[in-house]
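Before any comments, here is the structure.
The values are calculated or read from the model by the stated rules, or taken from the named source; none is laboratory data. Remember, it's a predicted structure, so these values are computed and weren't measured experimentally. Glycine gets a Cβ as well: all are built from the backbone with ideal geometry, and neighbour counts include every protein chain shown. These area figures cover heavy atoms from the full protein model, side chains too; ligands, DNA and RNA do not enter into them. Shrake-Rupley method; radii C 1.70, N 1.55, O 1.52, S 1.80 Å.
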Amino acid sequence: QVQLVESGGGLVQAGGSLRLSCAASGRISSINFMGWYRQAPGKQRELVARITSIGDTAYANSVKGRFTIARGDAENTVYLQMNSLKPEDTAVYYCNFDRPGMDYWGQGTQVTVSS
């Protein structure tokens, strides 16, 4: 079964940057959206950013102007560049690929921003 593998999380000071990567272990066809979600302790999982198959992007208001989502040159890869990080960005970040009839999720990568 195809899995999504994330990397790039870690500990960073406020104002710093991190780049998250997500790659599928195999080929996934007919993807509608590639996206990043996050879940902080005690909170619901929320959409951070997503990108369509033709490159249209959408962002949560809280990250607009600071985060950038992009598709990789390799098939079925997506990145999230996070700049000007804030302590409130601390969460587990999950990669998601949405296709008709099936959702794929990564295992999550921890991002911790210290003040």
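Dividing the radius of gyration of the alpha carbons in the chain by their Kirkwood radius gives 0.95 for Rg/Rh.
For Cα pairs less than 8 Å apart in space and 6+ apart in sequence, what is the mean separation divided by the residue count of the chain, i.e. the relative contact order in percent?
36 percent
Estimated from the Cβ-Cβ distance and a Förster radius of 22 angstrom, the FRET efficiency linking Gln1 and Glu75 is about 0.80. Model label points for Arg99 and Leu47, set 7 angstrom from Cα along the Cα-to-Cβ axis, are 2.0 nm apart.
Taken per residue, the accessible surface of the chain reaches 54 Å², heavy atoms only and a 1.4 Å probe.
For the chain, carbon and sulfur atoms together expose 45% of the accessible surface, with a 1.4 angstrom probe and every protein chain in place. Taking amide H as placed 1.01 Å from N in the peptide plane, Ala58 has its amide H under 5 Å from the amide H of Arg50, each at least 5 places away in sequence or on another chain.
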